[in-house]
Structure formats: structure tokens, C-alpha cells
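In what follows, a structure is listed as C-alpha cells, so that the remarks can point back to it.
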Amino acid sequence: MAVLSLFANPHRFMAISKPFAWGFTMLGGGMILYGVYMGLFVAPADVRQGDAARIMFVHVPSMWLSMFAFAFMAGASFVSLIWRHALADVAAKSAAPIGAVFTALGLITGSIWGYPIWGTWWEWDARITSVLILFFIYLGYLAVWQAMETPQKAARAAAILCLVGAANLPIIHFSVDWWNTLHQPATFFTEDNNAPYGFKVPMYIVALGYLSLFGGLTLINMRAEIMMTRAEMMMQRKLAAG
Amino acid sequence: MLNYDKYAPYVFWCYGIAAALLIGVVAWSVLRVTRARQKLDAFEKPDGEKGAAK
Amino acid sequence: MKLKGAGAAFLRELKLAWSGGGGAALPLGFFAAACSLTPLTLGPESDLLKAAGPGVIWIALALSSLLPMERLFQADLEDGTLDAYAGSGVALEGIAAAKTAAHWVATGLPLALVSPVLWIMLQGPVAAAPMVALISAIGSAAFFFFGAIGAALAAGVRRGGLLIALVALPLYSPAMIFGAAAMYAAAAGGDWGPALMLTAAAALFGVALSPFAAALALRAAID
């Protein structure tokens, strides 16, 4: 009975998810390419930062995605802990590496952006520092999945860690802000508050493209995960049968 | 076109790294799902009956 | 009944920590060695030590607090004590809180007592030494209770120490920031009040969150 309810949903998921997985991935790729085209060719150079501001189009949306992916994982973890929904575990696990890649991308592009603007490869800016801590939380989350003996135990431990991390993120963010204002003069990192229209559009297009890509890749990895679990089960059944 | 003078290397490095990372994660995902599909097919459709319903 | 179980666990844990072959003293040694060896890398100039000392002590305190975490729940999971607790109807939340609190008393408080000595060795003003002990006591509570979440998650993992560190260190960041700020304020003779309050808030948040998260993780590890 328990096994049945566990696999009823993944079956339905496998039946309908394939077009969405590939569709979102390709749509995301297309939107990113279009947004990058807009950002590199159409958008004007920024008044203060000149052409360096074009880095914004890949950098800022990846920071958004790093937070969105974690929020998604926390939601899935919550569902998994409360309702023991097998698909929710798979979703959180599959989203994690994608979110971690976006986080790494945000950090790397932030670092490269910092050099021409601030004159240093690593500025302990509040926002970048809290994203760095978020990146370590991602690493811990991935490590928990790696370390556990059984997938069931890993799933629950990872879900707990994800929720604890999510509960702490606002506090970490606040403390890093506080620390930063304590140690640093205010930086002139005003991104998009009064960015002109021509600046916002490419950024939103790339952001939507990232989001679509994230969704597609998460679905692809969920499908891979479910297929591997099923193959594992069959292997064990075969071994048990002799 | 694309004359970003002194900022050019930074901009292009950023876009290059973004492309590399995103293409990398797409390739990794596709590789994973292909491997999983192959592994599953090896069990579900043993010897010969490749056209069987899934 | 339930509280009684937690109280018994607290006393048992405390007794074990102080009699168990000096296990509680190891983090003290690590803390003292890590702090007193930093002049070998920073150089002996007193100005530099004065500037870096509070931060060095604080990061060393955080790392020392991680040391008891690997065995915090693991031993009880391996020998079935946790199973017995879970089976006897005692709330695991209480057990987790009691064990963490006992380890904080056995190890965290001694760390806080050693802290002013290291403070003076690193050229901190002697007048601030009692403050340093207080800040360290509150900070180590935050480190122990947040660390206990990692300890519970990794309880079933062999050689889980590094996993605990990776999981717990990001959660340490508020207590690291506020505690170090309080230490620097104390060093400068300034107003350490707000930073200390925020350190205490981080510790309280840890105390409130940790038993529930740890109990959840321990239940997952048992079955």
C-alpha cells in the first residue's frame, strides 16, 4: 500500500513531464540567447559604469535564481517532510545542483564585475557575501545527499537541512548587512532602482530565460532520478529472484 | 560593433563563463537522463523486444 | 515524566563528559593552541595582534565548538540509547536539548573561561577580560546549538565531522558576525551592548530551533 502510493504519482509524472522538461529547457535557452543579444547589442551603455554594466544582464538574474531555487527546494522539502511525498524529495534533490550552478555563476560574474568597477576581484559587499554563504549552504545540502547510506534517510536529512537553512537565510542576510555597514563605506552598487527601460528589459528576459531553464533542467533531472530509482529497484528484484 | 573599449575583456569573460556553466549543466543533465534511460531500458526491454510498450 | 527524562539525560551526559577520559578538555586544548599559535603566523607585533586578536579568538572559538559535535549524538545512536529514549516515550526534542546543553556546560563554558586568558595573550585590554568571558559564553551557546543540528543530521554518517562542519558553519555566520563585533567593541572600550544583544538573539534562536530540527533528524536516523 505504502509502496503503491509512493509510485503512483511518479508514474503519472513520468507520463506527462517529458515535453515540459525539454520544452522549458529549450525555451529558456532561446530566451537567454535573445536577452543576451539585447544586452550586448541593443541596450545602451550605462552612464556611470559604461559597458561594464552589461555584466548585469547575466549577473543579477543568476543571483535571483540562486534564491529562487533555494526557496523552491525549501517548499519541496516542506512538502516532503509533512506529507512524505516522494516526488517532492526528488524535486528538491534535482533542483539543488542547478541552483548551485546559478549561485556559482552569480559569484563569479560578480567577482569579475567588481574588478573594473571597484578595482578588486573580491569586494566583501553585503549582497555578494550573503550569496557566498548561500553557496556554502548549497554545498552542505549536496553533501548530505552524498553522505547518507539510504536514499530515504538522505531525503529526510536533506529536507531538514534545507528548511533550517531557509529559516536562517533572512537572519544571515540581516547579519551580513549589519556587518557590512559596520565595516565598509556604502558602495555605489545601485543596480536597477532607476535603471532605464532599455536596461531592464534584457535583464528580465534573461531572468525569465534562467527561470525556464531552471524548471526544464529540474524536470530533466527529476526524470533521470526516477528512472534510476526504478532501475535500482528492478536490479534488486532480479537479485532477489536469483 | 561591440566596442566596449576597456571593459571588453570583463564583459566577454562574464558572458563566456555564463555560457560555459549553463551549457555544462545542460550537458550534465542530458547525460544523466540518457544514462538513466539506457539503464532502465536494459531492464525493461531485455534482448530483442525493443519495440515493447513501456 | 517527559521533562524528567530530559533532566536525567542532562546529568548523565554531564557525568560522561567530565569522566570520559578528558573528552571535554580536547576542544579547550585546541582552542588554546589555535589562538596562541597565531602570533607565529601574524608576527609578534602587539599592534597587529591587538587588531586581529578578537577576530582570531572568535573564529577559533567557533571551530573549537565544532569538535565535540561529531560524537554528540553518534555514540547514543550506535549503542541504541536513542532507540531506548524514543521507545520510552520521552520526547527526543528534550533529549536533544538536554544533551546539547550538557555539552555546552561541559565544554562551552570552559572555553569561555579560557577565552579571557587568550585575549590577554593577544594583547587585548585586561579590563575587558570579564566581558570577553561573557561574550564567549553566549557565543559558544549559539555555536553549540546550531552545531547540534549538524550533529543530528550527520549522526548516522561514519566520519561525519567534516559534514557537520560544512552544514553548521554557514549557520554560524550571524553568531560569528555579532560575537566578533561585540569582541571588537569590548577591545575598543566602546559600546558592546547592541552587538552582544544580537549575539544573544542568535543564540536564543539556535536554542529554540535546534531541539526541534535535531529531534526530527534523529528520528529519521533511528528508523
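Return the total of residues in region C:170-212 being surrounded by 21 or more Cβ atoms within 10 Å (Cβ to Cβ) and within 24 Å of A:Ala143 (Cβ to Cβ).
Summing the residues that are surrounded by 21 or more Cβ atoms within 10 Å (Cβ to Cβ) and within 24 Å of A:Ala143 (Cβ to Cβ) in region C:170-212 gives 12.
When you check C:Ser136 against the structure, is it hydroxyl-bearing (Ser, Thr, Tyr) and either over 16 Å from the mean Cα position of the chain (by Cα) or away from chain A (no Cβ under 14 Å) (or both), yes or no?
Values: hydroxyl-bearing (Ser, Thr, Tyr): yes; either over 16 Å from the mean Cα position of the chain (by Cα) or away from chain A (no Cβ under 14 Å) (or both): yes.
Considered against the rule, which asks whether it is hydroxyl-bearing (Ser, Thr, Tyr) and either over 16 Å from the mean Cα position of the chain (by Cα) or away from chain A (no Cβ under 14 Å) (or both), C:Ser136 comes out as yes.
Which residues, taken from region A:53-73, are more than 20 Å from B:Leu21 (Cβ to Cβ) and within 12 Å of chain B (Cβ to nearest Cβ)? Steps first, please.
From region A:53-73, those more than 20 Å from B:Leu21 (Cβ to Cβ) are A:53, A:71; that's our starting set.
Hit for region A:53-73 is A:Ala53, nothing else.
What are the residues in region C:105-160 that are farther than 30 Å from C:Glu45 by Cα and outside any helix (DSSP H, G or I), if any?
C:Ala154, C:Ala155, C:Gly156, C:Val157, C:Arg158, C:Arg159, C:Gly160
In region A:18-52, what count of residues is obtained for those that are in a helix (DSSP H, G or I), of a type outside the set (A, V, I, L, M, F, W, C) and within 12 Å of chain B (Cβ to nearest Cβ)? First the steps, then the outcome.
Initially, region A:18-52 is screened for residues in a helix (DSSP H, G or I), giving A:18-42, A:51-52.
Cutting the leftovers down to of a type outside the set (A, V, I, L, M, F, W, C) gives us A:18-19, A:23, A:25, A:28-30, A:34-35, A:37, A:39, A:51.
Now restrict to residues that are within 12 Å of chain B (Cβ to nearest Cβ): A:18, A:25, A:28-29, A:35, A:37, A:39, A:51.
Final tally of qualifying residues: 8.
Please work out which residue is nearest to the other protein chains (Cβ to nearest Cβ), limiting yourself to region A:113-129 and to residues that are hydroxyl-bearing (Ser, Thr, Tyr) and free of Cβ contacts under 8 Å to residues at least 40 places away in the same chain.
So in region A:113-129, the residues hydroxyl-bearing (Ser, Thr, Tyr) come out as A:115, A:120, A:129.
Then keep just the ones that are free of Cβ contacts under 8 Å to residues at least 40 places away in the same chain; that gives A:115, A:120.
Working: A:Tyr115: 6, A:Thr120: 13 Å.
Per the criteria, the residue is A:Tyr115.
Given the options A:Val42, A:Val36, A:Val58, name the one that is within 20 Å of B:Ala8 (Cβ to Cβ), loosely packed, with under 15 Cβ neighbours inside 10 Å, touching a residue at least 24 places away in the same chain (Cβ under 8 Å) and of a type in the set (Val, Ile, Thr). Lay out the reasoning, then the answer.
Details: A:Val36 fails: loosely packed, with under 15 Cβ neighbours inside 10 Å; A:Val58 fails: loosely packed, with under 15 Cβ neighbours inside 10 Å.
Unique residue meeting the criteria: A:Val42.
Go through the residues of region C:178-185 one by one and say whether even a single one is closer than 30 Å to A:Ala154 by Cβ, at the interface with another protein chain (Cβ under 9 Å from one of its Cβ atoms) and in contact (Cβ under 8 Å) with a residue 60 or more places away in the chain.
Initial filter on region C:178-185 (closer than 30 Å to A:Ala154 by Cβ): none.
No, there is no match, as no residue in region C:178-185 is closer than 30 Å to A:Ala154 by Cβ, at the interface with another protein chain (Cβ under 9 Å from one of its Cβ atoms) and in contact (Cβ under 8 Å) with a residue 60 or more places away in the chain.
On the basis of being in contact with a helix residue (DSSP H, G or I) (Cβ under 6 Å, 6 or more places away or on another chain) and either crowded, with 20+ Cβ neighbours inside 10 Å or assigned to a helix (DSSP H, G or I) (or both), does A:Gly110 make the cut? Can you show your working first?
On the way: in contact with a helix residue (DSSP H, G or I) (Cβ under 6 Å, 6 or more places away or on another chain): yes; either crowded, with 20+ Cβ neighbours inside 10 Å or assigned to a helix (DSSP H, G or I) (or both): yes.
For A:Gly110, the condition - in contact with a helix residue (DSSP H, G or I) (Cβ under 6 Å, 6 or more places away or on another chain) and either crowded, with 20+ Cβ neighbours inside 10 Å or assigned to a helix (DSSP H, G or I) (or both) - is met.
In region A:72-112, what residues are touching a Leu at 6+ places or on another chain (Cβ under 9 Å), more than 23 Å from A:Ala224 (Cβ to Cβ) and touching a residue at least 40 places away in the same chain (Cβ under 8 Å)?
Correct list: A:Phe78, A:Leu81, A:Gly106.
Can you find a residue that is in contact (Cβ under 8 Å) with a residue 60 or more places away in the chain, more than 22 Å from C:Thr199 (Cα to Cα) and at the interface with chain C (Cβ under 8 Å from one of its Cβ atoms) anywhere in region A:134-151? Explain how you work it out, then say what you get.
Applying the first criterion (in contact (Cβ under 8 Å) with a residue 60 or more places away in the chain) to region A:134-151 yields A:134-135, A:137-138, A:141, A:151.
Still in the running and more than 22 Å from C:Thr199 (Cα to Cα): A:135, A:138, A:141, A:151.
Subsequent filtering for residues that are at the interface with chain C (Cβ under 8 Å from one of its Cβ atoms) retains none.
No: region A:134-151 contains no residue that is in contact (Cβ under 8 Å) with a residue 60 or more places away in the chain, more than 22 Å from C:Thr199 (Cα to Cα) and at the interface with chain C (Cβ under 8 Å from one of its Cβ atoms).
Table: residues versus (1) more than 7 Å from every other protein chain (Cβ to nearest Cβ); (2) modelled with pLDDT of 75 or more; (3) surrounded by fewer than 16 Cβ atoms within 10 Å (Cβ to Cβ); (4) assigned to a helix (DSSP H, G or I).
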| site | (1), (2), (3), (4) |
| --- | --- |
| B:Asn3 | yes, no, yes, no |
| B:Ile17 | no, yes, no, yes |
| B:Ala20 | yes, yes, yes, yes |
| B:Val33 | no, yes, no, yes |
| B:Ala36 | no, yes, no, yes |
| B:Phe43 | no, yes, yes, yes |
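Please go through region C:35-75 and give me each residue that is within 19 Å of the chain's Cα centre (by Cα), more than 18 Å from C:Val114 (Cα to Cα) and either part of a helix (DSSP H, G or I) or without any contact (Cβ under 8 Å) to a residue 40 or more places away in the chain (or both), ordered by number. Lay out the reasoning, then the answer.
Initially, region C:35-75 is screened for residues within 19 Å of the chain's Cα centre (by Cα), giving C:35, C:54-75.
The next check asks that each one be more than 18 Å from C:Val114 (Cα to Cα); those that pass are C:69-75.
Once the filter is applied, which keeps residues that are within 19 Å of the chain's Cα centre (by Cα), more than 18 Å from C:Val114 (Cα to Cα) and either part of a helix (DSSP H, G or I) or without any contact (Cβ under 8 Å) to a residue 40 or more places away in the chain (or both), region C:35-75 yields C:Met69, C:Glu70, C:Arg71, C:Gln74, C:Ala75.
Output the number of residues of region C:165-197 satisfying the condition of being closer than 20 Å to A:Ser130 by Cα and within 17 Å of the chain's Cα centre (by Cα). Before you say what the answer is, go through the steps one by one.
Taking region C:165-197 as the starting set, the residues that turn out to be closer than 20 Å to A:Ser130 by Cα are C:165-181, C:195.
If we keep only those that are within 17 Å of the chain's Cα centre (by Cα) as well, we get C:165-180.
Qualifying residue count, region C:165-197: 16.
The values are calculated or read from the model by the stated rules, or taken from the named source; none is laboratory data. If you're wondering where the values come from, they're calculated on a predicted model, not measured in any experiment. Cβ: placed from backbone, ideal geometry, glycine included. Neighbour counts: every protein chain shown.
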